[in-house]
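None of the figures in this text is laboratory data; all of them are computed from the coordinates on show. What you see is a predicted model, and the numbers here were worked out from it, not measured in a lab. In this analysis, Cβ positions are derived from the backbone assuming ideal geometry, glycine residues included, and neighbour counts consider all displayed protein chains.
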């Protein structure tokens with residue numbers, strides 16, 4: 001990898017089809033521009049598919065994995081609910097931290113848990129901390145199964161990482177916010193879909209149809225939740241505005 005000399009006063013210029021933006025590299029604006037461009041370039045290169053945790057693909061940027069580890073360690077939840085299983089890497093990530101804590105379990109919800117992924121999870125040494133529920137995350141019977149399984153949990157984190165359309169995420173937010181305990185988190189992932197619609201691998205529909213739009217609509221109607229910007233302090237994240245903390249005085 002090549003290194004570049006960038007002394008104090010260096011600038012960063014983005015030429016977007018003739019429209020130029022120039023910022024001081026070491027300013028707040030420079031950090032923001034560089035971070036945003038990294039997300040675009042890394043998404044184009046599908047870098048999120050390069051990450052594994054204890055043998056299972058996570059499909060997340062490393063910075064978000066570190067933040068989730070911090071969050072779980074701080075809160076010490078007895079239950080984490082994740083909508084969207086894929087290869088099960090995030091479930092294994094959460095289960096491994098809970099294993100170190102000595103308590104807690106993870107519920108993974110997916111409309112389809114593919115045979116090879118289920119087999120890999122069934123054979124994983126952390127399987128005893130993982131419960132799998134197959135079904136659409138917004139279907140009434142699926143949600144009821146999750147709600148029933150979470151009845152005795154005292155501290156609950158919810159992570160939404162399934163279908164990334166605005167409509168679907170909005171429905172998930174409305175349903176699963178009711179399971180989040182005060183001072184815990186409702187995490188809607190991949191809002192950065194709104195930031196990568198124009199990249200070569202992107203889709204124009206993502207500009208308006210994305211989790212970030214659902215998050216902003218949800219926040220406008222739910223003052224009991226607030227964005228925790230500390231969780232995206234590294235600049236590089238797939239989940240802008242996605243770490244929603246339930247305020248301590250709000251009823252569950």
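Quick one: work out the % antiparallel among DSSP beta bridges in the stretch 107-252, nearest 5.
Around 45 percent of the beta bridges assigned by DSSP in the stretch 107-252 are antiparallel ones.
Taking neighbour counts of Cβ atoms within 10 Å as a proxy for exposure, in what order, fewest first, do 244, 33 appear?
33, 244
In 5 Å bins starting at zero, report the fraction of Cα pairs in the stretch 104-252 per bin as a rounded %.
Here the calculated profile for the stretch 104-252 is 2, 9, 17, 19, 20, 17, 10, 5, 1, 0.
Over the stretch 1-64, what lengths in whole Å, largest first, do the semi-axes of the equivalent ellipsoid take, defined as the square roots of 5 times the eigenvalues of the alpha-carbon gyration tensor?
29, 14, 11
For the chain, what's the relative contact order in percent, using C-alpha pairs closer than 8 Å and at least 6 residues apart?
Taking the mean separation of contacting Cα pairs over the length of the chain, I get 17 percent.
From the P(r) of the stretch 164-252, can you give the percent of Cα pairs sitting at distances over 19 Å?
38 percent
I want the antiparallel fraction of DSSP beta bridges within the chain, as a percent rounded to 5.
45 percent
With springs only between Cα atoms under 10 Å apart, run a GNM on the chain and tell me which of 82, 50, 74 wobbles the most.
74
For the chain, modelled as a GNM with alpha-carbon contacts under 10 angstrom, which of 204, 240, 57 fluctuates the most?
Maximum among the listed residues: 204.
Rg (Å, one decimal) plus Dmax (Å, integer) for the alpha carbons of the stretch 201-252?
13.1, 43
What residue among 17, 37, 79 shows peak mean-square fluctuation when the chain is described by a Gaussian network model with Cα springs under 10 Å?
Answer for the Gaussian network model of the chain: 17.
So what's the back-of-envelope 222 nm ellipticity for the chain, counting only DSSP H runs of four-plus at -39500 (n - 2.57) apiece and dividing by all residues, rounded to 500?
Helices in the chain give a 222 nm mean residue ellipticity of -10500 deg cm²/dmol.
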